[in-house]
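The values are calculated or read from the model by the stated rules, or taken from the named source; none is laboratory data. Being a predicted model, the structure only gives us computed values, none of them experimental. Here Cβ is always computed from backbone atoms with ideal geometry, including for glycine, and neighbour counts include all displayed protein chains.
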Amino acid sequence: MLRGFNHNTKIVLLYFLSFLLVMIYSYINQSNELKELIIKSDKFRTDYGFVFRFIYLAIKYVPLIIGVSISVITSYYFLKENNKF
């Protein structure tokens, strides 16, 4: 996927992707429209509200988990390469 880039560019791109995913999580977490939509769906039908809440939480936390994981894994490989553990 990143074959055309040198090593430093790959590291910067991975950290940028990690930052972008954490910002997506932050936006979803602060969004009032989505919170109001969950409240409305809970009032409409309970089973729809549960399914919608599950999908909302999955969409909310997946970017956070992937973003933090990319950052941690990239840092580990960077430190491993420089320190030769």
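Give the residue that is nearest to Y15 (Cα to Cα), with candidates limited to residues of the stretch 49-70 that are loosely packed, with under 13 Cβ neighbours inside 10 Å and over 15 Å from the mean Cα position of the chain (by Cα). The extreme case among them is F54. Please indicate, with yes or no, whether at least one residue in the stretch 35-46 is modelled with pLDDT of 80 or more and either of a type in the set (D, E) or on the phi > 0 side of the Ramachandran plot (or both). For the stretch 35-46, residues modelled with pLDDT of 80 or more and either of a type in the set (D, E) or on the phi > 0 side of the Ramachandran plot (or both): present. Entry remark, the stretch 18-54: residues being under 22 Å from I66 (Cβ atoms) and among the basic types (K, R) number 1 in total.
Taking the conditions (1) loosely packed, with under 12 Cβ neighbours inside 10 Å; (2) at pLDDT 90 or above; (3) among the hydrophobic types (A, V, I, L, M, F, W, C) in turn, I73 satisfies each one other than (1).
M1 passes every criterion in (1) surrounded by fewer than 13 Cβ atoms within 10 Å (Cβ to Cβ); (2) at pLDDT 85 or above; (3) among the hydrophobic types (A, V, I, L, M, F, W, C) apart from (2).
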